[in-house]
Amino acid sequence: MSEFGATPANGSAALGLRHVLYPYSGAQQYLDGTVSYIDHVRNHGGTVVVAAPESRQHLLRSELPSDDSVTFVDTDGLGTNPARIIPAWREWIGHHAQNGRPVYGISESAWSGRTTAQLQELRYHEWLLNRAFAELPAWSLLCPYDTSDQMADTVSEVTRLHPWVWNEGDYAQGPDYVEGPYAMDRLPEPVGPYEELAYTIDDLPLVRDRVVEHARPSGMGAARLRDLLIAVTEVVGNSIRHGGGRGMLRIWVQDGAVVCETRDAGVITDPLVGCMRPTACQIGGRGLWFANQLCDLVQIRSGAPDGTRVRLHMDLPELEKPTDGSA
Amino acid sequence: MVDAGAGCWAVDGVVDIAGAAAFGIAVRAAAASAAANGGVLRLRFDALDLIDAVGLAALVDAIRQNLGGCSVRIEGANEQVRRLWLLSGYGDSGLPVELLP
């Protein structure tokens, strides 16, 4: 297999991501699998980019010799929104591919302590990784996954997202991988009261006023409220430009977050919408990108004949977050 | 957008899809004037409440069409505006635009 940034020996242009799940239980198994993967990379003259929680980075650092074959990246900026995973990896891989060595990645997402909505989107974006890199130079991404505190059904759902598994120091075909199309989870109705407002281009100030009226009494700080107002303005603007010129806004508070949902008649066909960093010369395509970068979670459901629903979640401070919510 | 004197224009309120076109026209006129004087186009964003992606695009389009060799200095740009500028990809655009707090 050729790797990102390297020219294949046969001169062919190999493409796509080798997306590899490594299920493990406990620190020792974590080290066994990830260190064997890193050894594999070194044997192929490659370099590894590691994006993992600090505790895992600390474990790995203690086992690895200090050389330039492994780079640890700061994942703090990713926050909780899984839509930031793909652009982050595009940036990390693109940067490290510049030295001409094959590039490999290790990515461990936090699967515990998330709401149902966050888990739904995390699963989708893990699956979307396979699509996002399909036309780019080949590279390999190992996804360690701690199964020790997960239900069997949850583990099964994650294995379906990965075409490969890391097994005893080598790649193996993922037996449970489902190529697609991806079956998006249905968005549940709000739990509790919500406000609904029909809008056109003339109602943008009113839309923002309504968001402020819900967010401010809930304790949202000024900076995050400004971010939410931008995101809402973007998705409402999309309704006006692409969704028939009008839409319906719903606002409510649930699971420690302010949730703003827009509905319109437009249909989004690009599964990677909002996941690609725009270029300076690009016309449009920044609205959902902004939303993903500013909000803690963005859920998009789109298709004929129902149109498009975009649900923006902005977490509130100092509130207990449930781990089994249904937002 | 109002004339704040000394070649400076103050932008206030909201620049979103409803106002972006008018904002673009105003910036084009101001940029043409600045270019004719061979100087710097100064915009003050202190009183700007919000500018969205369409508003930033209108600003960039107007600058691209009317710079004529002068540069743009945006003063009073809050942290959010500076962040959105970078997120938009304009930070690497090569445009002679400077955003200052």
With the 8 Å Cα cutoff and a minimum separation of six or more residues, chain B has a relative contact order in percent of 29
GNM on chain A, C-alpha springs below 10 Å: top fluctuator among A:Asn292, A:Asn81, A:Asn43? A:Asn43
Looking only at A:Tyr194, A:Tyr22, A:Tyr182, which one moves most when chain A is put into a Gaussian network model with springs between Cα atoms under 10 Å? A:Tyr182
Just for region A:1-139, what percent of DSSP beta bridges are antiparallel, to the closest 5? 20
Please report the antiparallel percentage of the DSSP beta bridges confined to chain A, to the nearest 5. 60
Distance from region A:73-100 to region A:275-304 (C-alpha centre basis), Å: 16
Per DSSP H run of at least 4 residues, take -39500 (n - 2.57); add these up for chain A, divide by its residues and hand me the 222 nm value, nearest 500 deg cm²/dmol. -10000 deg cm²/dmol
Starting at 0 and stepping by 10 Å, how many percent of the alpha carbon pairs of region A:171-237 end up in each bin? 15, 32, 24, 12, 13, 3
What's the ranking of A:129-139, A:115-125, A:65-75 by average number of surrounding C-beta atoms within 10 Å, highest first? A:115-125, A:129-139, A:65-75
P(r) for chain A, please, calculated from all Cα pair distances in 10 Å bins and given in %. 5, 25, 31, 23, 12, 3, 0
Relative contact order for chain A using alpha-carbon pairs under 8 Å, separation at least 6, rounded to a whole percent? 21
How big is region A:132-248 in terms of Cα radius of gyration and Dmax, in angstroms? 21.6, 61
Report the relative contact order of region A:78-139, percent, no decimals, based on alpha-carbon pairs under 8 angstrom and at least 6 residues apart. 47
Taking the Cα centroid of region A:110-144 and of region B:1-40, what is the distance between the two, rounded to the nearest whole Å? 43
Put one equal scatterer on each alpha carbon of region A:50-134, apply the Debye formula with no solvent term, and list log10 I(q)/I(0) at q = 0.22 1/Å to two decimals. -1.18
Rg and Dmax of region B:19-101, using alpha carbons, in Å: what are they? 11.7, 32
Expected 222 nm ellipticity per residue - DSSP helices of 4 or more, -39500 (n - 2.57), all of chain B, to 500: -12500 deg cm²/dmol
Which of A:Gly221, A:Gly174, A:Gly46 moves most in a GNM of chain A, Cα contacts under 10 Å? A:Gly221
Farthest toward the dipole's positive end in the protein assembly as shown, which of B:Ile17, A:Leu129, A:Tyr182, given Cβ charges of +1 (Lys, Arg) and -1 (Asp, Glu) about the Cα centre? B:Ile17
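No lab work stands behind these numbers, since they all come straight from the coordinates. Because the structure is a prediction, the values reported are computed rather than measured. No Cβ is skipped: glycine too gets one built from the backbone with ideal geometry, and neighbour counts run over all protein chains shown.
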